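Some notes on the structure that comes next.
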Amino acid sequence: MVDVAPDIARTPPHVLHEYAILADGERGAVVGPRGDIAWLCFPRWDSDPVFDTLLGGPGGYSIAPDAPYVWGGSYVEGTLIWHSRWVTNAGIVESREALCYPGDPHRMVLLRRVQALDAAARVAVWLRPSDQWQELHRHGDTWTARVGGLYLRWTGAAQAHARDRRGALLLPLDLAAGQHHDLVLELSDRPLPDEPVDADTAWRATETAWREAVPACAAALDPRHTRHSYAVLRGLTGRGGGMVAAATTGLPERADAGRDYDYRYVWIRDQCYAGQAAATIGPDPLLDDAVRFVADRLLADRDRLAPAYTTLGEPVPDPHSLGLPGYPGGSDLAGNRVNKQFQLDSFGEALLLFATAAGYDHLDGKHWDAVRLAANAIEEHWREPDAGIWELDDNAWTHSRLIAAAGLRAVAATISQAAPSLRTEGWDWLTLADRIVADTSTHALHPDGHWQRTPDDPQVDAALLIPALRGATPADDPRALATFDAYLRELADEGYAYRFRHDPRPLSEAEGSFLLCGFLVSLTHHQHGNPVQARSWYEITRTATGPARLFSEEYDAVQQQMRGNLPQAFVHALHLETAHRLVDP
């Protein structure tokens, strides 16, 4: 019998590359190398956490051998089913982990199957939610409780006993060689059904659902890694079509620099990136999900389209504290100040998304109404300052204007086939795009011939690579060529790409390499007919992960560490797109 419950809350958190993610579309669970569910919010991504040790809270759910071990882990290919693996002096122990997929908006089922592979093993299991237990009872091998207004049921824990001092349930498991044991945790915001979940049935259903949801990606570079990025995007996308930007909040981009944010919301831009990336496979469900969510938001909010929403399409809350210590160097921030911003490029990205879907004849009348609204919003507001792609101070950001023009061009090009009744409007949109590009060239073209960030900021910026990739100008436009040359000269360093220069310090001292930008460089080299350079940038960027192959937003190229929230959806989207585009000559 294990006598002392492990004090998870006082155990240091792991470096980010050691975490994996389980997801069912409606919420996600972050899993560490001690088999610790360190972060899980319920019922939605942006709800309060039930497990919160990632940010220094008391709530966790851990499975690990009760002996010294060396850790490893991997995903079942094409799924977000994770295998934790521990090698001890006596043998090997594994724990298979998954959230039942697809998820129910009101009920979460977390499956854990722990097995002693080749020798008998003792395993310690520790469960404590962040809120206090209420009405905690055991019925045979099942525990039930209320936790902060939620209903909880834990099945397979007949030998668990309560630790009053810490409020934890501790379960010692003695497993014979080859034996496995199932643990099923259910959470619901409604009374649970009378019958607990059958583990075997739930595992089969989840495995089948993932097989059906994730395509083979056989035509891409490294299909296994590419499929994984697709699975991550699928896991971050709920039934309503909204895809959260990341599963976590408060993980720092730079220690104690104030750059830690809550990304548990749906960014319009990121959703468009994911839809366009999925379209490199074909008329994919992730494309349709993106079109549905973005169109619904445009139809509801018109020219006041917000940069981000909750997965239910609601406004993002103001920044506030969760009352937790925070990840070291980060914070416990919830909510996001993006809710007060205007971002012009969101309208351009929406048009690019709709144009891609129109190419597959996947737009209906409602979607074309959204196209008109986005185009009209650009016409009315393109001269106004906006917060830009990096969500900084309002300014006349060159990227925002050029992406608006790219979207107008793209959607106008689809009209003759997809919506011939809109030909007149299409000509108007092309004229508007020409006017935007010409005005931007007059006011934001550097004397050296490259696009500069704003009319009053002569620096180059990684975002300025995107317009040529999306058709705002031809790929061989002298302004685009000069911009790429200036970018490589000023913002690339030993195979790593950076957003912009913050100050005179070396690039890596100001912030981490921005992984999105590495894939943009790869795509630009490919567009310019440089296959060797394109493949080199792709390979360096895609390896900036850990064993779980999750991308964060930034990568510290000096310390070889991931930085920021994870998994970062728009990086996985650009990885998916790049892996498919680079196979074409």
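The values are calculated or read from the model by the stated rules, or taken from the named source; none is laboratory data. Please read these numbers as outputs of a predicted model, since none were measured by experiment. Every residue, glycine as well, gets a Cβ built from its backbone with ideal geometry; the counts of neighbours run over all protein chains shown. The accessibility values were calculated without ligands, DNA or RNA, using every heavy atom of the protein model including side chains. Shrake-Rupley method; radii C 1.70, N 1.55, O 1.52, S 1.80 Å.
Of the residues making up the stretch 493-504, those that are within 16 Å of Val460 (Cα to Cα) and assigned to a loop (DSSP other than H, G, I, E, B) number 7. Among the conditions (1) in contact with an Asp or Glu (Cβ under 8 Å, 6 or more places away or on another chain); (2) open to solvent by 10 Å² or more (accessible area, probe 1.4 Å), the only one that Glu554 does not satisfy is (2). Filter the stretch 293-302 for residues that are among the hydrophobic types (A, V, I, L, M, F, W, C) and without any contact (Cβ under 8 Å) to a residue 60 or more places away in the chain; which is least open to solvent (accessible area, probe 1.4 Å)? Among residues in the stretch 293-302 that are among the hydrophobic types (A, V, I, L, M, F, W, C) and without any contact (Cβ under 8 Å) to a residue 60 or more places away in the chain, the one least open to solvent (accessible area, probe 1.4 Å) is Phe293. Looking at this structure, is His139 modelled with pLDDT under 95, over 30 Å from Pro315 (Cβ atoms) and open to solvent by 10 Å² or more (accessible area, probe 1.4 Å)? Yes. Of the listed requirements (1) β-branched (Val, Ile, Thr); (2) closer than 21 Å to Trp267 by Cα; (3) open to solvent by 20 Å² or more (accessible area, probe 1.4 Å), Val532 misses just one: (2).
I need the full set of residues from the stretch 58-81 which are surrounded by 17 or more Cβ atoms within 10 Å (Cβ to Cβ), out of contact with any strand residue (DSSP E or B) (no Cβ under 6 Å at 6 or more places or on another chain) and not β-branched (Val, Ile, Thr), in order please. Lay out the reasoning, then the answer.
Initially, the stretch 58-81 is screened for residues surrounded by 17 or more Cβ atoms within 10 Å (Cβ to Cβ), giving 58-66, 69, 71, 73, 75, 78-81.
So of that shortlist, the ones also out of contact with any strand residue (DSSP E or B) (no Cβ under 6 Å at 6 or more places or on another chain) come out as 58, 64, 78-79.
Scanning the stretch 58-81 gives Pro58, Ala64, Gly78.
Comparison of Ala579, Ala544, Ala573, Ala548 shows that the only residue that is within 18 Å of Ala246 (Cα to Cα), small (Gly, Ala, Ser), in contact (Cβ under 8 Å) with a residue 12 or more places away in the chain and not in a loop (DSSP other than H, G, I, E, B) is Ala573. Within the stretch 379-414, the set of residues being more than 11 Å from Gly348 (Cα to Cα), among the hydrophobic types (A, V, I, L, M, F, W, C) and touching a residue at least 12 places away in the same chain (Cβ under 8 Å) comprises Ala387, Ile389, Trp390, Ala396, Trp397, Ala412, Ala413. The residues of the stretch 414-450 that are in a helix (DSSP H, G or I), out of contact with any helix residue (DSSP H, G or I) (no Cβ under 6 Å at 6 or more places or on another chain) and at pLDDT 95 or above, listed by number, are Trp427, Asp428, Thr431, Asp434, Arg435, Ala438, Asp439, Ser441, Thr442, His443.
Just to be sure, is Phe342 hydrophobic (A, V, I, L, M, F, W, C) and not in a helix (DSSP H, G or I)? So that I can check it myself, show each step before the final result.
Values: hydrophobic (A, V, I, L, M, F, W, C): yes; not in a helix (DSSP H, G or I): yes.
In short, yes.
Listed here are the residues, each with its yes/no results for (1) open to solvent by less than 50 Å² (accessible area, probe 1.4 Å); (2) under 32 Å from the mean Cα position of the chain (by Cα); (3) not basic (Lys, Arg).
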| position | (1), (2), (3) |
| --- | --- |
| Trp143 | yes, no, yes |
| Tyr151 | no, yes, yes |
| Gln159 | no, no, yes |
| Gln179 | no, no, yes |
| Asp182 | yes, yes, yes |
